[in-house]
Amino acid sequence: MNDVTELAGKVTELSYALDTFYFLVMGALVMWMAAGFTMLEAGLVRAKNTAEILTKNVGLYSIACIMYMLCGYTIMYPGAYEGGMFQSLSTLGTGLLGSTDNSAADVIASGGDTYYSNLSDFFFQVVFVATAMSIVSGAVAERMKLWSFLLFAVVLTGFIYPVQGFWKWGGGFLEVAGFNDFAGSGIVHLCGGAAALAGVILLGARKGKYGPKGEINAIPGCNLPLAALGTMILWLGWFGFNGGSELKVSDVGEANAVALVFVNTNMAAAGGLVFALILARLWFGKGDLTMALNGALAGLVAITAEPLAPTPIGATLIGAAGGLLVVLSIVTLDKLRIDDPVGAISVHGVVGMWGLLAVPIYNDEATLGAQLLGLFSILFWVFTMSFIVWYVIKATLGIRVDEEHEYEGVDLSECGLEAYPEFTSAE
Amino acid sequence: MNDVTELAGKVTELSYALDTFYFLVMGALVMWMAAGFTMLEAGLVRAKNTAEILTKNVGLYSIACIMYMLCGYTIMYPGAYEGGMFQSLSTLGTGLLGSTDNSAADVIASGGDTYYSNLSDFFFQVVFVATAMSIVSGAVAERMKLWSFLLFAVVLTGFIYPVQGFWKWGGGFLEVAGFNDFAGSGIVHLCGGAAALAGVILLGARKGKYGPKGEINAIPGCNLPLAALGTMILWLGWFGFNGGSELKVSDVGEANAVALVFVNTNMAAAGGLVFALILARLWFGKGDLTMALNGALAGLVAITAEPLAPTPIGATLIGAAGGLLVVLSIVTLDKLRIDDPVGAISVHGVVGMWGLLAVPIYNDEATLGAQLLGLFSILFWVFTMSFIVWYVIKATLGIRVDEEHEYEGVDLSECGLEAYPEFTSAE
Amino acid sequence: MNDVTELAGKVTELSYALDTFYFLVMGALVMWMAAGFTMLEAGLVRAKNTAEILTKNVGLYSIACIMYMLCGYTIMYPGAYEGGMFQSLSTLGTGLLGSTDNSAADVIASGGDTYYSNLSDFFFQVVFVATAMSIVSGAVAERMKLWSFLLFAVVLTGFIYPVQGFWKWGGGFLEVAGFNDFAGSGIVHLCGGAAALAGVILLGARKGKYGPKGEINAIPGCNLPLAALGTMILWLGWFGFNGGSELKVSDVGEANAVALVFVNTNMAAAGGLVFALILARLWFGKGDLTMALNGALAGLVAITAEPLAPTPIGATLIGAAGGLLVVLSIVTLDKLRIDDPVGAISVHGVVGMWGLLAVPIYNDEATLGAQLLGLFSILFWVFTMSFIVWYVIKATLGIRVDEEHEYEGVDLSECGLEAYPEFTSAE
């Protein structure tokens, strides 16, 4: 061990191990976001539609993992497995991802340029695609068929998301054009919001949401502690989402960067929550919890495109603007009769755009032009493709449950069970 | 610091620190599984029995920690504290575990062979034993006396579990025989399942579960969002359960191995969920959420015996087989009138066996003979010992609550309070 | 890379990266405690006051982050940003915390004395102040005005907490006097408990809690699974709270210390739970879940002042004493008609004192005199200042809702929505 070259190799290996471990821990936090979306959405729908939203969320996460493994990852990062899906399937017993991870010799020879396990990268990426899809389920809640939704999840996670992900993170034209999106205000959140919007337009509003004379009827969520829990899970998970997107932690500069990302992510959420709560108080007269929760999420979405350049006070303000914007957006979408039970289109779609456009404020390398190019490319691609896919599903399987089933709740018609059989007997 | 020997020592220390930290983080994730079991079981019982299942779960976790500290750890790893329990008690003020951790000089002298803190190992192990015991509480739910259950927990965690744990992980005869069980499909999950089965047989089914003419009555869980949350907590915690069982992360090969374990664990759960959901759809006609959740858990149990050898696609298939098996097993146990309210015997016992038998498919060093030897040794030891202990408790304290108390709910009779006093008033 | 000096620099950087990453992970666990308090308190209040307690908890966390960034951190650690708040505001676009983080050159030149990112320290500290404030919300639940509470949060987190935090952790007179408080039994928990006590005294008991003839009426919490979940979240988060307070993990001695802190934290909680459960059984005749949960939390609070000196058995006993004490304290406070719906004053205030006084038992460097000085300094400062602030708020905005609103629930009057609109219709 006293030989300097050998010792240098050991240090390089140790550095690789730290970065890989960091990546896995951050990925586990992002996986935890799936539980956050599940609880948030379960808290914001009515009791009679709760089991179905739970099933959609755990189902889409699983489907996302499988589809991204089979083809999504190799579409987004060509060459990730040499030969892609088909070779992968043909080498089922001998390797797939496993066989292509880095050898110690290669890592040492790279002098630190190869600094984490390929499989840790796959793990981190696969939980991202699940996040994008989770956004959709809330917006189409309480009236969509379970299996049509899961079929859409197959296409979004296996194809639509990876293509636009490739444009930026895989080295495609948005990367070349100088588009900035650190952890995915656009690629993940706007993507999910755009797919949700297409679905909601084709699906229509829930029965009773909008009256014949222009009334907008509030349909309160049945379990707000779950909504609060979901929000706090997402808040925690976002440290992994943004913190892991630095990709490296193993030297002073990188460690400082990850720490700044943690601080800014936290401050943006705090700013979003406080300003949404105050705006709701001034506008509606009460301290509206659901607006506060959406404000926190809006702060998180807003900072995701650039959590590294702003100061903590700057991050607070970017988040605060997101918090104000989300309240405005939720009210506006309701006026437009776009029925989004959990506010997902506002939180992820509208505020995702704000996040992209806010990048040039603090990051001198970003330009408004490149940000707009990225924004419209993602929006156009995801909305159009999603619209086509939803349309085809609608024309074949159908996407909406029968009116009778919507009235009695989709839990019974789609899942054959009730989420709270003992608590709602008086209904 | 420029002296190479000194620098080499510092690198060895840093490597030790990384492995210890990794072990602690993974252990914290396993501890979190206790919350997962608690929520899962609370979601799947009726409201009137919820406070008692919560009490059992937090109680058993605490008892497991205390008993494993007092005697379990030293039974499973003889020599862990020189002199074992009795010396430990006699040195209460001066050291116990604390005094025996590794010195920097010893670590450096070992050249990296001593690579983590003894106390981090104890922490990781102690949360494992709690996991095994958590499996039992769900199966005996809704009719067992609280204190009889906690007494059983004392014996299982202090004696029954550590003995069979020693056989493999402590260097006993199953280790010598070439039995493979990476993170405990057998030692943890089958162990819990076998102990649960013995209890359920002596306890009998819940009143009303099976009718006199062979009817099987569904008794739905009262709070499915909690069941979904519990499953997702377990999924997250399993990254620690399997990922930490690699025991080391600090070089390229080990880091890659931990990453592969994370990926395979995740894929097996996804595979289990999707295939259980599809089978339930085909068989029962609906997208049954509880089967989907049990499918995910089955996938996790199935991959636990060998998450390092399969490719990610292979892991998906092992998990998928677990997901199919668990649905079959739950239906079959009901036909046999073995009443397991949460499906724990199927998920952990039956699928734990599948996990053990699946090892030779991908791991060339494993043999079916050694796997069968391990499987039957664990099953025989744990079932027999548990049966005896349950039997003695039944003959003395009794294990089952009065029929009247079962009817009104064990929360009032055992805990003196209700879990949801305001939600079930109409009952 | 083969040059020894360069290699030594790289090792120093890697060590800095590991300590920073450890700090961030521990901080994320402490942030997660905010979710724990939220769920615990939501579970222990009545349904009609649930949305407001959720709003208070997410609101106070956000306010704590903002106030601590703006002025709290620089009060507690003078010089943390050169020039403090006012310079910070004037340099909004160029740096604040971000610009002052350590350069690689300075870290290497320090030879390891500078071993983590300043921003990671800020992140860890900011989640601590939120913890202190979270303690207050439970005690004043079910009758306090939302905005008066949030205003108090501004003052506590921006001023009252940081001043006494400076006394010890910022290098003030308690540090000089040899007061020992490893992770804050006094500075965090007693602080929160004292602020809560002042509020409760000025606020008065809930209507119906104490009858005219001295009756004490139990007001059961509406959702005990949430209370159990909250407790287990806190238990998990406490590994970060105590484990991160070691501040360093990157050599053998530090890694062993962090591991011991994890083990002792876990054992103290287990001891507290078991002994509180047994005492409740002996005293009240039943296995009272809420006492068991408070016992676990009491164990955690008790060990927080010194989790490094005791053996694991010693930690279990310190926690057990906390568990017994909390049951006594809850009963006693009720007799004194101090109405604390969740037991926060007992868990954090009373047991926090026990934690401080228990330090000299195992830590030879601690003296009872210094511990008493710290205890009374914190108690006097926080109670007096809080009393003044609550008093001023009471005299201006008012702190208590109208009797009518208290009767119908503060959710409707303060938040304009219900937490469980479908589950309590029979009420």
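The values are calculated or read from the model by the stated rules, or taken from the named source; none is laboratory data. These numbers come from a predicted model, not from an experiment. In this analysis, Cβ positions are derived from the backbone assuming ideal geometry, glycine residues included, and neighbour counts consider all displayed protein chains.
What are the residues in segment C:248-283 that are crowded, with 24+ Cβ neighbours inside 10 Å and of a type outside the set (A, V, I, L, M), if any?
Those that are crowded, with 24+ Cβ neighbours inside 10 Å and of a type outside the set (A, V, I, L, M): C:Ser250, C:Asn256, C:Phe262, C:Asn264, C:Thr265, C:Asn266, C:Gly271, C:Gly272, C:Phe275.
Here is a yes/no grid of residues against (1) under 23 Å from B:Glu418 (Cβ atoms); (2) modelled with pLDDT of 95 or more; (3) out of contact with any Ser or Thr (no Cβ under 6 Å at 6 or more places or on another chain); (4) of a type in the set (A, V, I, L, M):
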{"residue": "C:Phe23", "(1), (2), (3), (4)": "no, yes, no, no"}
{"residue": "C:Ala47", "(1), (2), (3), (4)": "yes, yes, no, yes"}
{"residue": "C:Ala51", "(1), (2), (3), (4)": "yes, yes, yes, yes"}
{"residue": "C:Val58", "(1), (2), (3), (4)": "no, yes, yes, yes"}
{"residue": "C:Ile75", "(1), (2), (3), (4)": "no, no, yes, yes"}
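May I ask you to list the residues in segment A:284-306 that are charged (D, E, K, R) and surrounded by fewer than 24 Cβ atoms within 10 Å (Cβ to Cβ)?
Scanning segment A:284-306 gives A:Lys286, A:Asp288.
Need the failing condition index for C:Glu408 against (1) under 29 Å from C:Met39 (Cα atoms); (2) crowded, with 16+ Cβ neighbours inside 10 Å, just the number.
(2)
Among the candidates C:Glu408, C:Glu365, which residue alone is of a type in the set (D, E, K, R) and closer than 30 Å to A:Ala419 by Cβ?
The conditions single out C:Glu408.
Specify the residue that is nearest to C:Gly9 (Cα to Cα); the eligible residues are those in segment B:1-26 that are within 20 Å of the chain's Cα centre (by Cα) and more than 7 Å from every other protein chain (Cβ to nearest Cβ).
So the residue we want is B:Phe23.
Considering only residues that are touching a residue at least 40 places away in the same chain (Cβ under 8 Å), within 14 Å of chain B (Cβ to nearest Cβ) and aliphatic (A, V, I, L, M), which ones fall in segment A:396-427?
A:Leu397, A:Val401, A:Val410, A:Leu412, A:Leu417, A:Ala419
Looking at this structure, is C:Ala205 surrounded by fewer than 24 Cβ atoms within 10 Å (Cβ to Cβ), at pLDDT 95 or above and in contact with an Asp or Glu (Cβ under 8 Å, 6 or more places away or on another chain)?
yes
Which condition number does B:Asn242 fail, the rest of (1) in contact (Cβ under 8 Å) with a residue 60 or more places away in the chain; (2) within 7 Å of chain A (Cβ to nearest Cβ); (3) over 18 Å from A:Asp121 (Cβ atoms) being met?
Only one criterion is unmet by B:Asn242, namely (2).
Within segment B:307-338, can you find the residues that are in a loop (DSSP other than H, G, I, E, B) and buried (at least 24 other Cβ atoms within 10 Å of the Cβ)?
B:Pro307, B:Pro310, B:Thr311
Quick grid of which residues meet (1) within 14 Å of C:Lys56 (Cβ to Cβ); (2) within 12 Å of chain A (Cβ to nearest Cβ):
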site: C:Asp113; (1), (2): no, no
site: C:Ser117; (1), (2): no, yes
site: C:Phe124; (1), (2): no, yes
site: C:Ala130; (1), (2): yes, yes
site: C:Met133; (1), (2): yes, no
site: C:Ala141; (1), (2): yes, no
site: C:Leu146; (1), (2): yes, yes
site: C:Phe149; (1), (2): yes, yes
site: C:Ala153; (1), (2): yes, yes
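Name the single residue, out of those in segment A:277-296 being among the small types (Gly, Ala, Ser) and closer than 19 Å to C:Asn57 by Cβ, that is farthest from the chain's Cα centre (by Cα).
Here the answer is A:Gly287.
Can you confirm whether C:Gly112 is touching a helix residue (DSSP H, G or I) at 6+ places or on another chain (Cβ under 6 Å) and modelled with pLDDT of 95 or more?
So C:Gly112 fails the test.
Quick check, is A:Gly253 at negative phi, in a helix (DSSP H, G or I) and over 21 Å from the mean Cα position of the chain (by Cα)?
Yes.
Consider B:Cys222 against the criteria (1) in a loop (DSSP other than H, G, I, E, B); (2) more than 7 Å from chain A (Cβ to nearest Cβ); (3) in contact (Cβ under 8 Å) with a residue 40 or more places away in the chain: it satisfies all of them except one. Which criterion is unmet?
Single failed check for B:Cys222: (2).
B:Trp235 fails exactly one of the following numbered conditions: (1) part of a helix (DSSP H, G or I); (2) within 7 Å of chain A (Cβ to nearest Cβ). What is the number of that condition?
Every condition holds for B:Trp235 apart from (2).
Could you grab me the full set of residues in segment B:331-361 that are of a type in the set (A, V, I, L, M) and within 14 Å of chain A (Cβ to nearest Cβ)?
B:Ala358, B:Ile361, listed by residue number.
For segment A:297-314: of the residues being of a type in the set (Gly, Ala, Ser) and either more than 16 Å from the chain's Cα centre (by Cα) or within 7 Å of chain C (Cβ to nearest Cβ) (or both), which is nearest to A:Phe239 (Cα to Cα)?
It comes out as A:Ala309.
Give just the number: which of (1) among the hydroxyl-bearing types (Ser, Thr, Tyr); (2) within 20 Å of the chain's Cα centre (by Cα); (3) over 23 Å from C:Phe37 (Cα atoms) does C:Ser346 not satisfy?
Failing condition for C:Ser346: (3).
Within the set of pairs 6 or more residues apart or between chains, which connect a residue that is within 10 Å of chain C (Cβ to nearest Cβ) inside segment B:53-77 to a residue that is in a helix (DSSP H, G or I) and charged (D, E, K, R) with Cβ atoms less than 7 Å apart?
B:Ile53/B:Glu41; B:Asn57/B:Glu41
Given (1) in a helix (DSSP H, G or I); (2) closer than 30 Å to A:Tyr16 by Cβ; (3) within 7 Å of another protein chain (Cβ to nearest Cβ), where does A:Met267 come up short, assuming only one miss?
Every listed condition holds for A:Met267 apart from (2).
Hey, among the residues in segment C:32-52 that are polar (S, T, N, Q) and at the interface with another protein chain (Cβ under 8 Å from one of its Cβ atoms), which one's surrounded by the fewest Cβ atoms within 10 Å (Cβ to Cβ)?
By that ranking, first place goes to C:Thr38.
Conditions first: (1) at the interface with chain B (Cβ under 7 Å from one of its Cβ atoms); (2) at pLDDT 95 or above; (3) farther than 18 Å from B:Glu52 by Cβ. C:Leu289 passes all but one, so which condition is the exception?
Result: C:Leu289 passes all but (3).
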